[in-house]
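Below is one structure, written out as structure tokens, with a few remarks after it.
Quick note: the coordinates plus some simple rules give every number you see, no bench work behind them. Model, not experiment: these values are computed from the prediction. FYI the Cβ positions are ideal-geometry reconstructions off the backbone, even for glycines, and counts take in every protein chain you see.
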Amino acid sequence: MLNQAISKFLCAASLCVIAAGIAGCAADPSIQGMKVQTMPNLRHHPKTVFVSVNGMGPAFLKSAQDAIWDSAIFQKVLKDPGADYELEIKLMESKIPSAEFQHDITIAITANWVLTDSSNRAVVMNKTFQSTYTADMQWQHIAYAMIPVVGMSMGEDFGQRQKRANDGAMRDNIVQGLAAISELRLD
């Protein structure tokens, strides 16, 4: 009887730990996680830009706008259409691993960046960038599961690593896109 109670408890505790890890997978990307810390030397364009995203969500949009503003690649980022240029960033593909117990998680995204001159609707850049990021196990964040008998410890959960990998891949895509815009001669 006692063994059955312990067995049921261990099963329920294990399911809770697994569910918590999988639930973390659905976490949205974070603006802080996608923040571009440093940019290579960029050519600055004394123009305004309006940025829109398709398939990436508000955190990516805000991160892209912040990176443009912080790098001063454009003079100003407008929140509404009417800028000198319109930048549309569209998610083409996202390769996300399944919810497995992996130490390293790699996410790859492919996004198309289209920069259009608002005055004549001419496309001045249409490039697709693939970016990947691998989030390895962060052992300094180890949390110990209190599972008697097994005494198992679990590191950073799958959802946290997947979120870091997603943020890193999106951050790298922003860097690639802005570097390509920097190479343009916009008059």
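Summarising the label geometry, the points placed 7 Å from Cα in the beta-carbon direction at Ile96 and His44 lie 3.8 nm from one another. According to the calculation over all Cα-Cα pairs in the stretch 57-132, the P(r) per 10 Å bin from zero is 16, 40, 28, 11, 4, 0 %. Here the spin labels are modelled as points 7 Å beyond Cα on the Cα-Cβ line, and at Leu61 and His103 they lie 4.0 nm apart.
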